[in-house]
1. Residue 1 fails exactly one of the following numbered conditions: (1) of a type in the set (A, V, I, L, M); (2) in a loop (DSSP other than H, G, I, E, B); (3) touching a Phe, Trp or Tyr at 6+ places or on another chain (Cβ under 9 Å). What is the number of that condition?
2. Identify, by number, the condition in (1) at pLDDT 95 or above; (2) closer than 22 Å to residue 113 by Cβ; (3) surrounded by 14 or more Cβ atoms within 10 Å (Cβ to Cβ) that residue 62 doesn't meet.
3. Among the candidates 128, 109, 97, which residue alone is open to solvent by less than 50 Å² (accessible area, probe 1.4 Å), over 16 Å from residue 71 (Cβ atoms) and either touching a residue at least 60 places away in the same chain (Cβ under 8 Å) or not aromatic (Phe, Trp, Tyr) (or both)?
4. Out of all the residues in region 114-124, is one or more open to solvent by less than 20 Å² (accessible area, probe 1.4 Å) and of a type in the set (Val, Ile, Thr)?
5. Residue by residue through region 15-47, note down the ones that are under 14 Å from residue 110 (Cβ atoms) and either open to solvent by less than 40 Å² (accessible area, probe 1.4 Å) or within 12 Å of the chain's Cα centre (by Cα) (or both).
6. Of 12, 50, which residue is part of a helix (DSSP H, G or I), β-branched (Val, Ile, Thr) and under 15 Å from the mean Cα position of the chain (by Cα)?
Amino acid sequence: MSNWKRKADSIIRLGKKYLGTPYLFGAKPGSTRRFDCSSFTQYIYGKHGIELPRISRYQSKRGRPVTLGKIRRGDLLFYKTHKRRHRKGLQKIGHVAVYVGNDQMIHAAEEGGIGIINIHQYPKGVLAKARRVIRD
């Protein structure tokens, strides 16, 4: 198994340990009692040596772009949210999740906290872009 696959699987495994953890907008970085979307990704990637900024908009600038047709396990998925739908550029990003494969993602949501859903099911937004932060 390649290095990136091992790292992606380990990040996803860690993320799954927090399934059901409550959501809190603006959750404290490093806390595992409550997460928002970007504190969750910052935490699970950080535990694997990949530093991410605290806010999803800035996380969306890390790594390299990936076309949505070529996403793989461990890639970050960024969504436009309803509140940000009329904003331009970086300001339209309002949510981040981790691709786990088979059209599934793990993320922190207001309803249910940390959970796994279909990537097209995120109710408040539209999938805007993907970034690869795990090196090959």
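The values are calculated or read from the model by the stated rules, or taken from the named source; none is laboratory data. All figures in this text were calculated on a predicted structure; none of them were measured in a lab. Note that each Cβ is placed from the backbone with ideal geometry, even for glycine, and that neighbours are counted across all protein chains shown. The area values use the complete protein model at the heavy-atom level, side chains included, leaving out ligands, DNA and RNA. Shrake-Rupley method; radii C 1.70, N 1.55, O 1.52, S 1.80 Å.
1. Unmet condition: (3).
2. (2)
3. Values: 128 fails: over 16 Å from residue 71 (Cβ atoms); 97 fails: over 16 Å from residue 71 (Cβ atoms).
Just one listed residue meets the conditions, 109.
4. Yes, because at least one residue in region 114-124 is open to solvent by less than 20 Å² (accessible area, probe 1.4 Å) and of a type in the set (Val, Ile, Thr).
5. Across region 15-47, the qualifying residues are 21, 27, 35, 36, 37, 38, 39, 40.
6. Numbers: 50 fails: part of a helix (DSSP H, G or I).
Going through 12, 50 in turn, the sole match is 12.
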